[in-house]
Amino acid sequence: MSVILRKIAYKAVLLIKSCYCYFVALISYFAGTIDCRPNRQDRLGRCDLLVSDLAINIFLDAIETKKILEAVNCVLAHRLKIFDNKYIDVTKTNSKPKDLFGKYRPIDWHRDFKSGYVWNKLSMPEFILRYLPTSYGADIRWPWELSRFQYATALAIATCFKEKVKSEDEYWNEFKDQITDWINNNPSGLGVNWVTPMDVSMRTVSWLITFILFNNKYDCNNIWYQKFFNSLCQHALFLYNKRSTKLCERKGNHYATQIAGLYLVSSLYPTIKGSVKWRSFAKKQLEKQILEQVRPDGSHFEDSTLYHLLVTEIFLYTGILADSLGDSFSVEYRNTVGEMVNVIKKIASSRYDIPQIGDNDDGYFIKPVFMDETHTRAGHILNLGEQYINHKIEIDLNKALIDIILVKKQEVPRKSPADPPPTYVFEDAGWVVLEEGPIKIIMCVGNNGVECRGGHSHEDILSFTLYWKGLPVIVDPGTYVYTPDRYMRNKFRYAMSHNQPQYEIGEKEWSNNNVFSKTYAPATEYSINDENKQKAIYAEARYENYIAKRAIKIDKGGNGIAIYDELDGSMPGRGVVSLCLHPEVICKVCNNGQFELTVGEDKLVLESDGIFQKKKAGYSSGYGQITETYSLAGEVGNINLKLL
């Protein structure tokens, strides 16, 4: 009883504190009393850390230059890609903020451009997250993603070209206009864009990086500069004041983003009063969090390959910028980043594709500029990770930022880390990597000792992703969305959309679950054999009423694979398997019950001892995206896949 009362009291205190902060923010907004100026005694003496005196000239080929300029022109026109491959006009048509230059068109910072829902800019942040308008199909991640400003760095990059295409003033004025527009329409501590410290952190970092690359000095007499730096100070105060005080709480990617942003703003903008204290706190927390969040095998604890990618970026990019500022992290921190990069190296295909295990929300800490398929996120992290681990980081801040933002061309397909490639086991994550010739399989075998998995995990034990010559063939269906559509969120998340052997269950078993509820983790056992003619993994998952068994064998030389599935138990319904094909795989049904799969320039044939059917399915390559594809669904049994 005392435990329950303590929890009620704790929540009551949080509510009272939130209400107090909300009313203070409202009063400050209407009274116009918010003022977070830099420390006057220090603000001019240390700005050399904020902006480098070294001018940067970028030399790119014609194709790369064209791609960047296309991105810049879209930013100027307020046509942005948010979560999908379609450009969306994010301008607001009715009102016009003050203090803007020329013919600038204001942006609708509070709108979900998919459902059309608009949040009130003076709403209480805590209530926004608690009472999401899901009945409208509204997704809060749309205004969050827009207000992260991660598209703005392209404006500054364009000014670094050796041969300027347009006047630098056009890019600079657009950046200033958007900042002014955002500040005028997003009062500190109010509305949808002050809900989570994670998004505040990403916006802070984006603003700082873009400003630094524009190479502008702080003019204390200019009204815009005062407004900009005062808002940066408000962002920094928000990040520090929202720091976690629960000592027993295990913190995840949100907190890592928050403290990384606090570290960077207090390091890159050292003239804020309190920056020394904030930087010291954030650096200690980063050193602590990387050890707490990263498991001994190098994987991030949230059971998601794409969140592992995000958190690797957080610790890696922060470490790189710390090196460029002469404030390097410990050897243990650097080595742990190396272990995280090594996980990406081992699970990525030869074309740098990352298998989707667990959630994928397309989040970036600092979003680079991608030009084409030879510029990939995973390859970029591997390149920068190698430089960071080997102490080859640029000591100039601007050059370090350019290295992070501009993705270099990568060798495609990349060479295998070893020949013949070994089998990799990540015991803490529960991932096994089998590779032989053109075949690569990443299988989820579970991490024993864990009864339930986190809110970003999926029900995917014994499922696998198959690559052929680096191209995805059989895949995880992805994530699609979080809060706006509970049914679709759970459909993509739970077992029936994954390819492990299982018994059929009704939708009522999963359709109404909380979108971030923990998933059940059965006890698992597995073994790996590297036999004379085959590589094989044998795994089983022990559920309450049955045991699921799967064996996958790859022929030496990689000419084919064999999958053996079995269910041992007394569950109602039949045992089924559903193999989700990547949308780029062309599937043809043959007369003899086989399926011909065209993967790149090769043709594979899939056959089974059961009856399989080709069915329409959905595949989500990223957050908010869904593409029609096909799945091969049938009864549990034996499946063979080989080169035709």
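Heavy-atom accessible area for PHE127, with the other protein chains in place and a 1.4 Å probe, reaches approximately 80 Å².
Computed from the Cβ-Cβ distance with R0 of 25 Å, the FRET efficiency linking ASP485 to HIS254 stands at 0.65. Karplus-based coupling profile of region 266-274, in residue order and whole Hz: 6, 8, 7, 10, x, 8, 6, 5, x, with θ = phi - 60° in 6.51 cos²θ - 1.76 cosθ + 1.60 and x standing for Gly or Pro. The figure for GLU427 is an accessible area of roughly 130 square angstrom, using a 1.4 Å probe on the protein chains alone. With all protein chains in place and ligands, DNA and RNA left out, the 1.4 Å accessible area ranks ASP609, ASP108 as ASP609, ASP108, largest first. Amide hydrogen proximity for VAL636: with H placed 1.01 Å from N in the peptide plane, the residues at 5 or more positions away or on another chain lying under 5 Å are GLY575, VAL576, VAL577.
Couplings 3J(HN,Hα) for region 302-316, derived from phi with the Karplus relation 6.51 cos²θ - 1.76 cosθ + 1.60 (θ = phi - 60°), are 8, 6, 9, 5, 6, 6, 4, 4, 4, 5, 4, 4, 4, 6, 5 Hz, where x marks Gly and Pro. Put the Cα centre of region 239-312 next to the Cα centre of region 377-439 and the gap is 23 Å.
Approximating the spin labels as points 7 Å out from Cα along Cα→Cβ, the LYS408-to-LYS284 distance works out to 3.8 nm. Here the simple spin-label model places points 7 Å from the Cα toward Cβ, and for ASN529 and ASN592 these points are separated by 2.8 nm. Each residue of region 455-469 was assigned a 3J(HN,Hα) from its phi angle through the Karplus curve 6.51 cos²θ - 1.76 cosθ + 1.60 (θ = phi - 60°); the sequence is x, 9, 8, 10, 7, 9, 5, 6, 7, 8, 10, 10, 10, 10, 6 Hz, with glycine and proline shown as x.
Measuring only protein heavy atoms, the 1.4 Å probe finds LEU316 accessible over about 0 Å².
The values are calculated or read from the model by the stated rules, or taken from the named source; none is laboratory data. It should be emphasised that the depicted structure is a prediction, and the values quoted were computed from it without experimental measurement. Ideal geometry is used to build each Cβ from the backbone, glycine not excepted, and the neighbour counts take in all protein chains shown. Protein only, heavy atoms only, side chains kept; ligands, DNA and RNA dropped before computing areas. Shrake-Rupley method; radii C 1.70, N 1.55, O 1.52, S 1.80 Å.
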